[in-house]
Amino acid sequence: MVLSTVLHKTRGSLVVLGLAVGAVAVASLPVPASSPAAAPARAVAKAARTVTVDSRQAWMDTGVSRPGGSGRFLSVTAEGKWTFRPGGSDWTVGPRGGNPASDYARVDGQESYPYHANGAVKASLIGKWGKDGETFFVGDRYSEGGLDNDPLRGRTLYLGINDDQLDNNSGSLTVLLEEFARSKDCGPVTHHYDPANGWVADPC
């Protein structure tokens, strides 16, 4: 079983809250000596699900609903490799997709790709809320906070590969989706680990 942990520090004691999320192994995050991970937590995991996103499938419905209300948010963490063109390791990439510095990988304005906004790249993990929702970049780490009176409330998260030809793809990504309930009392700042930016403060 995979154990997702939330750390909570109260008056000098450290309590670890665990949540079993399935049998798919997810690498633990590095914790530097100066890590703020032990700061008092304001969020407690309420639900979690692990799904597999296949590179040959345009979209998959994760079954995870959009966060309901301002007291909740959804965390998405993806890992793995998939190939968006046969013929070599150059076409095998992770959740963030192809190299944005490469003209070949960039698909800005190419409407044949599901996500073609500024900075869009081939084979990145993308999402949308509901079958007909607007697409957005997910990559290896994404979070979405709930809103009161949200017009998209009730829609489920769809995930897929940003590609316009699926039959020559291979591989898949493992995606962990965790829903959190945030307390009204923000308290001290908490952080999450971003592989690209290190420890990043969570919004209240």
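Odds and ends about this structure:
- Karplus-derived 3J(HN,Hα), 6.51/-1.76/1.60, for each residue of region 56-71, Hz, glycine and proline x: 9, 10, 4, 9, 10, 7, 6, x, 9, 7, 4, x, x, x, 5, x
- Rolling a 1.4 Å probe across all protein chains gives residue 115 an accessible area of roughly 40 Å².
- Under 19 Å of direct C-alpha separation, and excluding same-chain neighbours fewer than eight residues apart, residue 122 reaches these aspartates and glutamates: 54, 79, 90, 103, 108, 111, 134, 140, 163, 164, 167.
- Region 57-161: C-alpha pair distances exceeding 20 Å, %: 42 percent
- Each label point was placed 7 Å from the Cα along the Cα-to-Cβ direction; for residue 150 and residue 192 their separation is 1.3 nm.
- Between residue 49 and residue 112, the simple label model (points 7 Å from Cα in the Cβ direction) yields a spacing of 3.3 nm.
The values are calculated or read from the model by the stated rules, or taken from the named source; none is laboratory data. Predicted model only: the values in this text are computed from it and were never measured. Note: ideal-geometry Cβ built from the backbone for every residue, glycine included; neighbour counts use all protein chains shown. Heads up: the accessible areas ignore ligands, DNA and RNA and are worked out on the full protein's heavy atoms, side chains in. Shrake-Rupley method; radii C 1.70, N 1.55, O 1.52, S 1.80 Å.
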